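Engineer: One structure is given below, represented as structure tokens, and several questions about it will come after.
Derivation of every value follows stated rules applied to the coordinates shown; laboratory data play no part. Note that the structure is a prediction, hence the values are computed from the model and not measured. Methodologically, a virtual Cβ is constructed for each residue, glycine included, from the backbone with ideal geometry; neighbour enumeration extends over all protein chains shown.
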Amino acid sequence: MATIHVSEHPLVKHKLTLLRDQETDPKKFRELIREITILLAYEVTKDLQVESVEVETPMAPCKGFRLQEPIGLIPILRAGLGMVEGIWEMIPSAEVWHIGLFRDEQTLRPVAYYNRLPVHPTVSVCLILDPMLATGGSAVKTVNILKEWGARRIKFMGLIGAPEGVENLNDQHPDVDLYLATVDDHLDENGFIIPGLGDAGDRQFGTG
Ligand code: PRP
């Protein structure tokens, strides 16, 4: 069974409220996504493996650590793009592999339109980035793609989840842990998260 981590951090709650506000403009919206992602990154990366290294300080040799595993950031286009910068600042050595999906408005099923993953996996930990987990269809499909690719450890990192999406991802992929800023009330008949924040892609890119 997957572990579902929902942030209780006051800064996350504060910034998420600003993010939801319909008065928040695209520039501020992008800044907030970046900032909340940095705050969530702390929890998501807590179990990454490190190896021992030695460095010379100006005073003496010192035992230290460095990240051992190659990490992949997998933003789901488009909305996941806004989460890349924040976590990439924390892990500049991470590789970024984009997956393009959009949700068919009638069926609510994800449609894949971009995938340039190399033939063999180059990373051992994959962090899927998408602010919205609605029906969970996009997240499930992305995990399918990554597992077919050969990824072994996969985590999903999002901002707002609907209970339906959390359950779907958990049912289909119980080995994928979830990291969210919050879980909202429900999905409406159009598959939008209520209360949510509207369309995260449109609000970031000014296309709504
Ligand atoms: C939104 C969102 C997720 C997906 C969530 O993307 O960013 O990728 O829908 O829905 P699901 O959990 O029901 O699959 P959208 O299809 O609007 O594409 P966009 O990011 O390009 O705007």
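Engineer: Residue by residue through region 171-203, note down the ones that are part of a loop (DSSP other than H, G, I, E, B), crowded, with 19+ Cβ neighbours inside 10 Å and in contact (Cβ under 8 Å) with a residue 40 or more places away in the chain.
Structural biologist: Within region 171-203, the first condition is being part of a loop (DSSP other than H, G, I, E, B), and the residues that meet it are 173-176, 181, 184-185, 188-192, 195-199.
Subset that is crowded, with 19+ Cβ neighbours inside 10 Å: 173, 176, 181, 184, 196-197.
His173, Val176, Ala181, Gly196, Leu197 - these are the residues of region 171-203 that are part of a loop (DSSP other than H, G, I, E, B), crowded, with 19+ Cβ neighbours inside 10 Å and in contact (Cβ under 8 Å) with a residue 40 or more places away in the chain.
Engineer: Select from region 130-159 the residues that are part of a loop (DSSP other than H, G, I, E, B) and among the aliphatic types (A, V, I, L, M) and write down the one among them that is surrounded by the most Cβ atoms within 10 Å (Cβ to Cβ). Quick ask: steps written out before the conclusion?
Structural biologist: As a first pass, look at region 130-159 and keep what is part of a loop (DSSP other than H, G, I, E, B): 130-131, 134-136, 150-152, 158-159.
Retained after the next criterion (residues that are among the aliphatic types (A, V, I, L, M)): 134, 151, 159.
Details: Ala134: 25, Ala151: 20, Leu159: 30.
Per the stated criteria, the residue is Leu159.
Engineer: Now, a different point. What are the residues in region 1-57 that are among the hydrophobic types (A, V, I, L, M, F, W, C), over 17 Å from the mean Cα position of the chain (by Cα) and over 17 Å from Gly198 (Cα atoms), if any?
Structural biologist: Met1, Leu11, Val50, Val53, Val55
Engineer: OK, next. Of all residues in region 97-111, which are surrounded by 14 or more Cβ atoms within 10 Å (Cβ to Cβ) and either part of a strand (DSSP E or B) or more than 10 Å from the ligand (Cβ to nearest atom) (or both)?
Structural biologist: Trp97, His98, Ile99, Gly100, Leu101, Phe102, Arg103, Pro110
Engineer: Among the numbered conditions (1) farther than 20 Å from Gly196 by Cα; (2) among the basic types (Lys, Arg); (3) out of contact with any Leu (no Cβ under 6 Å at 6 or more places or on another chain), tell me where Arg103 comes up short.
Structural biologist: It fails just one condition, (1).
Engineer: Among (1) touching a residue at least 60 places away in the same chain (Cβ under 8 Å); (2) within 11 Å of the chain's Cα centre (by Cα); (3) closer than 29 Å to Gln68 by Cβ, where does Met132 come up short?
Structural biologist: Of (1) touching a residue at least 60 places away in the same chain (Cβ under 8 Å); (2) within 11 Å of the chain's Cα centre (by Cα); (3) closer than 29 Å to Gln68 by Cβ, only one is false for Met132: (3).
Engineer: Check Tyr114 against each of (1) under 28 Å from Tyr42 (Cβ atoms); (2) in a strand (DSSP E or B) and name the one condition it does not meet.
Structural biologist: (1)
Engineer: What number of residues within region 29-54 satisfy the criterion of being closer than 18 Å to Met132 by Cβ and of a type in the set (Lys, Arg)?
Structural biologist: Selection size over region 29-54: 2.
Engineer: Now for a different question. Can you find even one residue in region 121-136 that is closer than 22 Å to Tyr179 by Cα, near the ligand (Cβ under 9 Å from one of its atoms) and of a type in the set (Gly, Ala, Ser)? Step through it out loud before you land on a result.
Structural biologist: Applying the first criterion (closer than 22 Å to Tyr179 by Cα) to region 121-136 yields 123-136.
This time we only want the ones that are near the ligand (Cβ under 9 Å from one of its atoms), so: 130-136.
Those still in the list that are of a type in the set (Gly, Ala, Ser) too: 134, 136.
Yes, because at least one residue in region 121-136 is closer than 22 Å to Tyr179 by Cα, near the ligand (Cβ under 9 Å from one of its atoms) and of a type in the set (Gly, Ala, Ser).
Engineer: If I ask for residues that are free of Cβ contacts under 8 Å to residues at least 60 places away in the same chain, under 30 Å from Asp202 (Cα atoms) and hydrophobic (A, V, I, L, M, F, W, C), which ones from region 42-87 would you list?
Structural biologist: Ile71, Leu73, Leu77, Val84
Engineer: Name, by its number, the condition in (1) out of contact with any Cys (no Cβ under 8 Å at 6 or more places or on another chain); (2) surrounded by 14 or more Cβ atoms within 10 Å (Cβ to Cβ) that does not hold for Pro61.
Structural biologist: Every listed condition holds for Pro61 apart from (2).
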